[in-house]
Amino acid sequence: MDQSRSEDVAITVDSTDTIKPHNGEPVTKMVISPQSKCIVTYSQDDKSFVCWSIDDDNKSLKCDSTLFAPEYFRWHMNFKVSDEKIIILNEEFVYDMNDNAKSRNYDIMKTNNYCEKKDKSYDNMENRSKIFGNERFGVKCDFLTNGNIVKYHKDAISIYSSSDWRCKARHELDEKDKIFCGVTNDRLLVLVDNNLFVLDLSELSKIHYLKVLTGLYTFQYWKILDVKDEKIMLKRTDNLTVIHIGGTLRIYSNSNNINAPIKVINNSKLVQDFGIIHNIHNDDDNHHNNNDDDDEYIITKLSDDITIHSWKNNLTSTINISKLYDDNSSQFIHMEFKGNEAHLYSYDGEKWDVRKYCWEYWKKLLEDYNEQIEQVDENTNSDKRENVSNSKRVNDEKNERSLNSKGVNIFYDIEEFENEEMFIENYTKLLINKQNDVRKEQNKNDLIIEIETKKNKYDHNEYVLILKSDSKMIFSYDTKLSSHWEYKKVCDNILLFRDAKELRIYTFDMEFRIRYFNIEFLNYATNRRKLDKLDDSDIDEIVKPIENDRLKKQWVSYLLNQRDFLVRYGSKLLKSAIEKNNEDLIREIIDKTLEYYKRNQNLNIYLLSIICENMNHLSRKYSDFLLDYYNKIENIENIEKKISTTEYIYNNFDHIYSFYIELKSHNSIFNFISRTFSENRKDHCEGHYKEHYKDYYRKPKIKLIVPFPNYLTYPKEYNSFEEFLNPKPSPFSNTRNNNEFYKTWNGEAIINFKWSLFGKHYYALIWFLFTTFLVCFTLASSVSSKAINAKKNDLLISSIILGFVHLSFEIRQFIWNPKEWILNVWNLIDLGAYLLPTITSIYWLQTGIKVTHLISISCLLLDIKFLLFFRAFETFGIYFAIIIGVGQPKSKFSENDQGDLNDPNNPWVLTTKYHQISDNGTISHNAVLVEEPDDYTNLFSSYANSLLAVYLFLIGDKNSLDAWSPDNTIIIVLMVIFTSVIVVYLMNLFIGLLNMAIEKDQDRAFYLAQKAEILKDIELFYLFPYQRRRTDWFPDIIYYYANVNEVRKKLQNERKGSEENV
């Protein structure tokens, strides 16, 4: 191998023992300890393990001990070794190789609290029950990087110290079926219902048992959906996590909260091992500004083939392992990825040879093959080009971007440029090629543009363009550009003018064209390193709309088509675009996210977190965008296709029964109680139907996913004190006025999930506390008996205490969002129901004075608040929604002044008069006694009283009209008109409108929105901060069962609606 072009370091080491290891038989397999302090080799022919010690300077290997393989061990089984020379065979059996004379076996699983060392001969270790005591079958063991041992099986995960062999942590698991896929990089991979869970074991080992017991800690992990392959490998660096599943490499960034891959490399073949190798350089390195120096390579190994993947540059090269090692005498060759290097170990039976290949070597190797391909493209025929093209593969994603561009986006044609000048130069080359094609097609004569200057009215020079053909001027154009503009004549008919902010291009083919481009943004476009580390100010600069932004829009669109950029900055870009009212960018981010999701729903579902995290901002400013998003999501879900192709699930759960698939721990006391309740409920629901009714009542269902990832989750990092006063919200608790969302099954599934899991329990507790408050105050203020009077002070004190408890939660709600709290009228009712009885009780205790009107108002508010608790139940909640939706506020009117006495409607005219009768029966025309009129004499004298009179007339009380004579024709006509129009027509019309309103609100959206508000208050102000971080209460993904009959009804209604719209 040419050492001048490689960065490998060769170290030759010799065995110091006189007896040949493995009795001279060839080595079959080998493993290296986490810190590379020792090596263990296995020979299938000799059926032995040999432990080799590596000295501190990596100059020599010493054969320390030999262990003959137990009878149960087969060559295809794996084995691992720790830096302390403890070996684990087949992830089950643990041996100590420090003593060459006798190997020791550790019975580490006999108890839960400690591990015992026992001397046992290896030939007596064939019985698994002897090794693991009373533990059940299926136990697996592995090493952590720090040397600790992790034991895991179906029921528990335990971590044992390598120093004193005591159990440091134990986490009991639920009884759900699960498949363990091994430990790598201190991460345990667990498959549950085809979902892969990645657990950080180093974090689990630090969690105190009391935190687990009291429920202060639940499993924290990230997961991958729809994983059906059990052969999974994971590698991790500070920047990346790469998971190999079924021949596909999924690359994840460690710097964001979105569990969506930033890159997917399809190999179509299962690899044996792989590693991540990146460049390590200081900030003062000369190559710091080189974009390629930030590239990260993924090296995969399959048999003798080594494949180099440059995921950032979409390049791939495959070589044979013999290219890395030129010594054919080796009996055994093994490649191991350690740290940031690839180590190649070779053994010829007598000596070892170790070579290290760092980032520079792989970069050089990839560049050489890249140059070879370019030469083949230029100089060789198609057959040779096809043979070499296998060394370089452009990723499918890049091809898709190029196809989608359709020649519109210039940045797909100019991907590499280091500065503005290079971009402009490449851009002009494309223009020249295009112009030549146009001329060739149109067979036009050459046109030449010349530049002249002239003085404007301010005596400044301006550029004038002169278009000539055959030396004759045929056109002139005054650019009005001053001399500070730089210009360049690209070709005869293309001119460029530019200053610090703008680029103008003048061309002439069939017609004269001027292109205006704002080029300020190129400061970001030409700095790839800056694009990898954008801060909030950079995001705002990218989003900010500018004049002549056509070129900038193309660049932003080009960035969004790069999956890694969308995953890292999509959420921040969308939030900034909403704040700056950049509607085009909002629409493009949403469409691009949905495009990825539609392409592969299980793989890209977490990309929807970009939109879910900003649903609050969208609902406030762009609710139409959000409504369109809901409709598109339902179309992508394609329920009609699922119902025809999916195998039905038969159970007796309700329609839209929500559930989640999580890796759950059962250490917690709360989990034990909830598990007991759920198991009893399950036995009652499912077992009863199975035994007595079999499948008669078990309706067919389909399982659907709620495509709103991380919509329910809260930020992982928090401060307990700050959380008490100003809790950090989740997207769900921060989104208001989202009634359209609750018209969908997804919104209803979320409400059902939260309500059944914890909402109804906390709501019942709150209701109980309030009822106690109401009863104490009512008994003290309204009931008179000796027993109550004797305990009146105690009841008032209890009312004060409970009142302050409820007020504390109300105050926290006000602090969290004062404006929203004030605008919600129900909060004012709550405040009155808590505050007024408390103040009344305090005043009563202090003064001994019973203020009747305060007590009356307090009891009224308490009763209203008590009734409002029923709005969480569907029957009352729907009618409550109807009342709120239909009810309209009454208008206020002022009284009119009374008219003069000549007015027949004047109260003084309508009032009762008494006349004197003489002895001869003559009646005096002058009234002797006159009843003084008041507000009730003529109820129509003012608007306020007239409303009362109309109301009384509506309910059949016509006393308000008795003052008028029956001969008054006008009054009779008005009565008939009023009865016909108001009583007959308008009342029936109102009933019809009310029915329409009821039908409109029967979709339960308003009711569910009210229920969502209740759940939000419970989450933010009644749950503890650690409870809001529970992964079993706030999972990132939830599912629900949909009744097949209901699905068919929904599809039928949608078809009818579509036909009506047509």
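Taking R0 as 35 Å, what's the FRET efficiency between Asn78 and Tyr209 from their Cβ-Cβ distance, rounded to 0.05? It would help to have the intermediate numbers written out before the result.
Values: r = 31 Å, r/R0 = 0.88.
The pair Asn78/Tyr209 has a calculated efficiency of 0.70.
Compute the length gained on full extension between Leu627 and Ser53: take 0.36 nm times their separation in residues and subtract their Cα-Cα distance, giving the result in nm to one decimal.
Values: separation 574, 0.36 × 574 = 206.64 nm, distance 6.54 nm.
My answer for the length gained is 200.1 nm.
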### Summary
For 611-619, 234-242, ranked highest to lowest by mean beta-carbon neighbours within 10 Å, the order is 611-619, 234-242
#### Entry: Solvent exposure ordering (accessible area, 1.4 Å, most first) of Asp226, Asp470
Asp470, Asp226
### Message
With the crude spin-label approximation of a point 7 Å out along Cα→Cβ, what separation in nm comes out for Ile857 versus Asp45?
### Response
10.0 nm
## Note on the structure
Contact order relative to length for segment 549-628, counting C-alpha pairs under 8 Å separated by 6 or more residues, stands in percent at 28 percent
### Message
Expected output is a single nm value to one decimal: the length gained when fully extending between Ser782 and Ile514, i.e. 0.36 nm times separation in residues minus the C-alpha distance. What is it?
### Response
87.9 nm
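For the pair Asn824 and Glu502, what calculated FRET efficiency results from E = 1/(1 + (r/R0)^6), where r is the Cβ-Cβ distance and R0 = 60 Å, to the nearest 0.05? Mind dumping the intermediate values first?
Values: r = 50 Å, r/R0 = 0.83.
Efficiency, from the Cβ-Cβ distance: 0.75.
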### Query
Put a dot 7 Å past each Cα toward the Cβ at Phe869 and Lys544; how far apart are the dots in nm?
5.5 nm
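In segment 715-780, what trypsin sites (Lys or Arg not before Pro) fall in a loop by DSSP, with at most 10 other Cβ atoms inside 10 Å? Write down the numbers at each step before the final one.
Values: sites: Lys716, Arg736, Lys743, Lys754, Lys760; in loops: Lys716, Arg736.
Here the sparse-neighbourhood loop sites are Lys716.
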### Message
Place a point 7 Å from the Cα of Gln220 along the Cα-to-Cβ direction; which residues of segment 1022-1038 have their backbone N under 16 Å from it?
### Response
1025-1036
### Query
Going by average Cβ neighbours within 10 Å, how do the peptides 764-771, 165-172 rank, with the highest at the top?
165-172, 764-771
### Query
Protein chains only, probe 1.4 Å: how do Arg1030, Arg515 rank by accessible area, largest first?
Arg515, Arg1030
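For segment 20-77, with all protein chains present and a 1.4 Å probe, just round the carbon and sulfur fraction of the accessible area to a whole percent. Walk me through the numbers before you get to the answer.
Details: 1270 of 2690 Å².
Ligands and nucleic acids excluded, carbon and sulfur reach 47 percent.
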### Message
Counting only protein heavy atoms and a 1.4 Å probe, tell me what percentage of segment 532-652's accessible area is made up of carbon and sulfur.
### Response
42 percent
## Note on the structure
In this structure, among Lys29/Lys178; Lys20/Lys80; Lys363/Lys544; Lys168/Lys351, pairs with alpha-carbon gaps over 31 Å are Lys363/Lys544; Lys168/Lys351
### Task
Could I have the simple spin-label model distance between Ile448 and Ser303, label points 7 Å from Cα toward Cβ, reported in nm to one decimal?
6.6 nm
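Arrange the peptides 723-731, 215-223 so that the one whose residues have, on average, the most other Cβ atoms within 10 Å appears first.
On the way: 723-731: 16.7, 215-223: 19.4.
Put in order of decreasing packing, that is 215-223, 723-731.
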### Task
Please find the FRET efficiency linking Ser322 to Phe68, where r is the Cβ-Cβ separation and R0 is fixed at 30 Å, and quote it to the nearest 0.05.
0.35
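The values are calculated or read from the model by the stated rules, or taken from the named source; none is laboratory data. Everything numeric in this text was worked out from a predicted model, so none of it was measured. Positions of Cβ are generated from backbone atoms using ideal geometry, with glycine treated the same way; all protein chains shown enter the neighbour counts. With ligands, DNA and RNA removed, areas are computed over all heavy atoms of the protein, side chains included. Shrake-Rupley method; radii C 1.70, N 1.55, O 1.52, S 1.80 Å.
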